[in-house]
1. So how many residues does region 165-207 have that are of a type in the set (Ser, Thr, Tyr), under 23 Å from residue 316 (Cα atoms) and within 15 Å of the ligand (Cβ to nearest atom)?
2. Residues that are over 25 Å from residue 254 (Cα atoms) and modelled with pLDDT of 95 or more: does region 129-139 have at least one?
3. Going through 73, 67 one at a time, which residue ends up being polar (S, T, N, Q) and surrounded by 12 or more Cβ atoms within 10 Å (Cβ to Cβ)?
4. Give all pairs with beta carbons closer than 7 Å in which a residue from region 23-37 that is closer than 12 Å to residue 274 by Cβ and modelled with pLDDT of 95 or more meets a residue that is basic (Lys, Arg) and buried (at least 16 other Cβ atoms within 10 Å of the Cβ); count only pairs at least 6 apart in sequence or on separate chains.
5. On the basis of being part of a loop (DSSP other than H, G, I, E, B), closer than 22 Å to residue 188 by Cα and either polar (S, T, N, Q) or within 11 Å of the ligand (Cβ to nearest atom) (or both), does residue 55 make the cut?
6. Given the conditions (1) within 16 Å of the ligand (Cβ to nearest atom); (2) under 24 Å from residue 234 (Cα atoms); (3) of a type in the set (A, V, I, L, M), and given that residue 77 satisfies all but one, which numbered condition is not satisfied?
7. Scan (1) assigned to a loop (DSSP other than H, G, I, E, B); (2) more than 11 Å from the ligand (Cβ to nearest atom) for the single condition residue 66 breaks and write down its number.
8. Can you tell me which residue is surrounded by the fewest Cβ atoms within 10 Å (Cβ to Cβ) among those in region 53-64 that are at pLDDT 95 or above and of a type in the set (A, V, I, L, M)?
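The values are calculated or read from the model by the stated rules, or taken from the named source; none is laboratory data. Note that this is a predicted model, so its numbers are computed, not measured. Note: ideal-geometry Cβ built from the backbone for every residue, glycine included; neighbour counts use all protein chains shown.
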Amino acid sequence: MSVLPLIDSCPKRMEYGPCGGVGFDGSCEVDAAHRCAFVHRPTVPWTGLDRTTAVAPGSRTAAASATLKALGTRPWIVADLPARALSVASIDACAAILTGEVDAVLAGDAGSARVQFPPAYRAHLLQRRGLRVWTGLNMRDRNRVAIEGELAALAVEGVAGVHCVTGDHTRTGHRPDAAPVFDLDSTEATALARAAGHVVSVAASPAAPPVDRRAARLREKIRAGADVCFVNHAGGAVPVRRFIAEAGNGIRYIPCVPVVVDHASADLLESFTTLVLPEGFVRRIRDARDPRAEGIALAAAMAQEMLAIPGVVGVNLSGGREGAEESFAEALAEIAQRVR
Ligand code: SF4
């Protein structure tokens, strides 16, 4: 029996896997009938330039230098961009609500709206309204050349940071008709983005198998050039604290805080099968007399808990609400005000 090379065993063609979507039973995110190709293998070491030992640190864009200077001087409040896809009017409306309230918006992917404005153009639309952008780049929709072009444009635009993820497969989300690219994975993209002078963030999923090797995997991303780690929902502040203690202080941490303000936003968050929320979190909001007020209060309280963890430099208010984007932006702004 022939054994496929690791890269050919993974539907996302990852070299430095696993992704964050490994099922709790070790199954592949893309094909639940198969086990993740990485889950029982040792952590793949980064073989490119090691930024933790490199003699020359590499130059940064002016915006990246400003981000690095500001991180750690005050808690950063980052919020998922709630705007409708392909709508300049919605982007403008959300920017008007969030400018001055959050430090940056994370403008990334959405399962229900895979077709977005190109990352650098979306960043431009937001930053011309005075809202700082942390751009999410997935490796599903663009090859290496297209990613290099985006990174160059994002450097000209002067974004606060670039969040490098491998991304969901096209078989999930609303465009299964599209061919997946996956020329690069998140770790390789991290190295490219860092070489382009950006502040680079990566994702870590402490609750996804192999749980005992998620910290080691993050350390390889640090060696590739990651500056910041967005910690995915792992069940609240206690497991995030445990993960950070294990992964170490070679990187700045921005944990995700779930924002749920009604039943529809609860449905959206619960559709992500591999995230873990604190026991009873969504139920409390669903059962509340005023779910919006309860959701805002719970998110603000969790943000404060996260910010008290050593190594944490900010929080990412995470969630969304299709069809009520501006109202959701107002909730994000209110949470940000309370956290400050
Ligand atoms: S779970 Fe992710 S990393 Fe593992 S084989 Fe599937 S796509 Fe690849």
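1. Number of matching residues: 4.
2. No, region 129-139 contains no residue that is over 25 Å from residue 254 (Cα atoms) and modelled with pLDDT of 95 or more.
3. 67
4. If the second residue must be basic (Lys, Arg) and buried (at least 16 other Cβ atoms within 10 Å of the Cβ), the pairs left are 26/35; 27/35; 28/35.
5. no
6. (1)
7. For residue 66, the exception is condition (1).
8. For region 53-64, the residue satisfying everything is 62.
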